[in-house]
Structures are given as C-alpha cells and as structure tokens.
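Take a look at the structure below.
What follows draws every value from the coordinates through simple rules; no lab data is involved. All values derive from a computational prediction rather than experimental measurement. Reconstructed Cβ throughout: ideal geometry from the backbone, glycine too, with neighbour counts over all protein chains shown.
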C-alpha cells in the first residue's frame, strides 16, 4: 500500500492536517517521500480544535522539518456553520479547503479513509466541490491500514492515538456552536481522562442535558463516588456558559450528537 500511496502523492502537494492519526500519518509519509520542497502541511486552528492537537502538529513539524502553515479557516465567521445544522461539517470543510486554496495552488490531500464511508460525512461533499483528493480512499485503506502505516513509519504512540473529531461534533444538532461551550467540553473530557483513563470519552451537550459517553469497559468502572466527583466538576465547568443541565453517563455512540435527517 505505501507504493500505491507514493503513486498517488506524486507531485507538489498540500496536506490538510487536523492532528489526528490519519492526517498526521499522511503528512509524515508525504514529507518523507517528497521532501520539504515537495509538500506543504496545513493546520487550521479554531475554538473547535483541541489545543493538544495543535501542540501535536507543532511538535511533529519541528521534529520532521515540515513546511508548516497554520491558519484560521474562518468557519466561526460563517453563520451556516455556527447554526450547527446536521451538515455542519460541509460548511467547516468548505471554509477549510477554500482557505488552503488561497494559500497554495498545489493539490490538496486529506486523511479520509474507507471507514469514513460508512458514516454520514458531509465534509466529503465539500472536498469534492474543492477537488480535494483522498489518498487512503484511492488506495482502499481503512483505519487499521493507516495505523499499520504509522507503525511502519515509527511514529510511536501516535499510531495508537484514539479517534477524536473536532469539539463541535460533541454539540447536538441545532444547538448553536459557541467557543465558550467548546472550551468547557474540552475541559470536561480532560478531567474525565485524568480520573478514569478511558479508551474513549465524549462530552455531549444536548438540548436537555450534558452526557459523558464512555467506552463500555470504562463505564463499568464508574462507581457512585466517581459519578459524584465528575458530575460536580462538569456542572461547574458549564455553569458560566449554559443553563444548569443534568449530567449523565452513557455508553459511547459514534456520531450521537447528530440528530435529524440529511438535508
């Protein structure tokens, strides 16, 4: 599969990097293949991007010698995005790819893989509109293949990095996207990680509640004392930005904040 990827990423390239394992692995592969003159790495910062993701990108850019460009894609100035419709990701990616196209005329590549095709991904529609290519999709690579490639590239713990989409994906459809709410979401997830060390955690903001979603193994370890500790802390984190809402614990469900049919 690396040979197939090398054929796909054959010319001047721009890699859109979120800080997750998929796009980071693609960036490392492309840079080692093409060199600094052959590829630029683009990372967008916004309130929806966890600071630790940006720190990860900066660290790898320094260690690998990337030609890194950090930009504000401007989605928080887009009323369509802020309204948080079910296709919010379309507006996010449209702003991202439009901003990258203003920066460079190189072919833009994303880290989408075949696992993404089994979910509703309006961002892929925005990619198509902007002529963005997806090397993993073209090579028929899924998430497990990406992790194998990451290990082959000696990327260490990054190869095992859990999936973590943008913070806005935690906000239930039609609740407006608010930077202060996103900060509270990130703080709640970090708090829960520090206490439980879960494999997966999502803090969902719903219309009538705040839900901490955990993988089944971690959820089974949540006793009354931990419930009280996390509930009290999470409630305090959200009090400045939301009306008081009950906090509950539920099993993790991928994409559970998306409510409603596709437009």
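Using R0 = 25 Å, the C-beta based FRET efficiency linking residue 32 and residue 71 works out to 0.60.
Taking the C-alpha atoms only, the angle from helix 224-238 to the longest principal axis of the chain is near 70 degrees. Modelled this way, with points 7 Å down the Cα-to-C-beta line, the labels at residue 244 and residue 55 are 3.3 nm from one another. The slack in the chain from residue 236 to residue 133, taken as 0.36 nm per residue of separation less the alpha-carbon distance, amounts to 32.8 nm.
When both bridge partners sit in segment 167-251, DSSP labels roughly 45% of those beta bridges antiparallel.
Placing pseudo-labels 7 Å out from each Cα toward the beta carbon at residue 101 and residue 79 gives an inter-label distance of 2.3 nm.
Report summary: the helix-based calculation at 222 nm, which adds -39500 (n - 2.57) for every DSSP H run with n ≥ 4 and divides by the residues of the chain, gives -13000 deg cm²/dmol. Between residue 227 and residue 45, the FRET efficiency from the beta-carbon distance, with R0 = 41 Å, is close to 0.75.
Name the shape class, rounded, prolate or oblate, that the alpha-carbon gyration tensor gives for segment 180-263, where a ≥ b ≥ c are the square roots of its eigenvalues, rounded holds for a/c under 1.5, and otherwise prolate holds if a/b is larger than b/c and oblate otherwise. The shape class here is oblate. For segment 89-145, the convex hull spanned by the alpha carbon atoms encloses 75 Å³ per residue.
From least to most packed, judged by other beta carbons within 10 angstrom and beginning with the fewest, 155, 24, 141 follow the order 155, 141, 24.
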